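K.L.:
Have a look at this one before I ask anything.
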Amino acid sequence: MDEYGWTSVKATLYNGILFLVAAVISVAVFMAVKPLSRRIDERKLLVVGFVIVFCGFVILMPWSSRSPLVRAAFIDPVIHPTHQTTPSTKMPTFRPFYNDSSSTNRGCPLNYPWCVNASQVLIEQFLAGAAVISIGFPICSLITYSLYSKVLGDRPQGTMMGWLTAAGSLARTLGPLFVSTMYDRFGPRWTFVSSSSFVVLAVIALLILYRRLVPLQVKSFLVD
């Protein structure tokens, strides 16, 4: 909405269509992952999913030389009262006045310090990045739950699955707060850089624990 100067009505419509398409892609990926997991190690599929999500964030980073549309500001000249000058030498200072009506309240607001100097995320980038993430995220989500269940084995899965779901819920609560703060202060570039850095950390953790992510094997001992 800020990048392209969309009205709130258009932003709601376009984002609704985008989420609908993303949901269709996710359902298709969910259906494809199960047969793939029979042929490919689930740990490798999880790495592939993380790499796809990382590529999506890279695509979303603003690489263009185009600037985002900046919200219109109406200039109201105000004569500085402390200087006594002749009419020909008066130097007005300018006070921006923002009209918050629905017709003009669109574009990147000037109270964001990055609006003037930032690069625009092209609409092609936005759509491509969203599509790529819509492919990678279902792979990561499905394989994570599958591997976790196999690692637990015969141990009580209800409680442990509850903890995993709670951790995911906590991330979905804190994540939007973190992302919105990053966007308000630093703009899209550092928002996507910080998001992709979490993906890199997840891949590193996966590679460290790679050999331990195997189904639980309980050895039985015969007592004479």
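The values are calculated or read from the model by the stated rules, or taken from the named source; none is laboratory data. Every value quoted in this text rests on a predicted model; they were computed, and no experiment measured them. All Cβ positions, glycine included, derive from the backbone under ideal geometry; neighbour counts span all protein chains shown. Keep in mind that these areas ignore ligands, DNA and RNA; they rest on the heavy atoms of the full protein, side chains included. Shrake-Rupley method; radii C 1.70, N 1.55, O 1.52, S 1.80 Å.
K.L.:
Modelled label-to-label distance, residue 32 and residue 167, 7 Å Cα→beta-carbon offset: nm?
P.N.:
So the label points at residue 32 and residue 167 sit 2.8 nm apart.
K.L.:
In whole Hz, with x marking every Gly and Pro, tabulate ³J(HN,Hα) for the range 185-191 from phi via Karplus 6.51 cos²θ - 1.76 cosθ + 1.60, θ = phi - 60°.
P.N.:
8, 10, x, x, 4, 6, 5
K.L.:
Let me check something: with ligands and nucleic acids excluded, how do 190, 114, 6 order by accessible area (1.4 Å probe), largest to smallest?
P.N.:
190, 6, 114
K.L.:
Quick one: if the Förster radius is 45 Å, what FRET efficiency do residue 159 and residue 122 give, using the C-beta to C-beta distance and rounding to 0.05?
P.N.:
The pair residue 159/residue 122 has a calculated efficiency of 0.45.
K.L.:
Further question: So the label point goes 7 Å from the Cα of residue 185 along Cα→C-beta, right? Which residues of the range 105-128 then have their backbone N under 19 Å from it?
P.N.:
Once the point is set 7 Å along Cα→Cβ of residue 185, 109-118 turn out to lie under 19 Å by backbone N, inside the range 105-128.
K.L.:
Continuing with the same structure: Calculate, in nm to one decimal, what residue 150 and residue 21 gain on full extension: separation in residues at 0.36 nm each, minus their alpha carbon distance.
P.N.:
Contour length minus the Cα-Cα distance gives 43.3 nm.
K.L.:
Can you pull the accessible area of residue 9 for me, 1.4 Å probe, Å² to the nearest 10?
P.N.:
So the heavy atoms of residue 9 present about 110 Å² to solvent.
K.L.:
Another question about this same structure. Through the Karplus equation 6.51 cos²θ - 1.76 cosθ + 1.60, θ set to phi - 60°, convert the phi angles of the range 151-161 into ³J(HN,Hα) values in whole Hz; use x for Gly and Pro.
P.N.:
Whole-Hz 3J(HN,Hα) from phi for the range 151-161: 5, 5, x, 7, 5, x, 8, x, 5, 5, 5.
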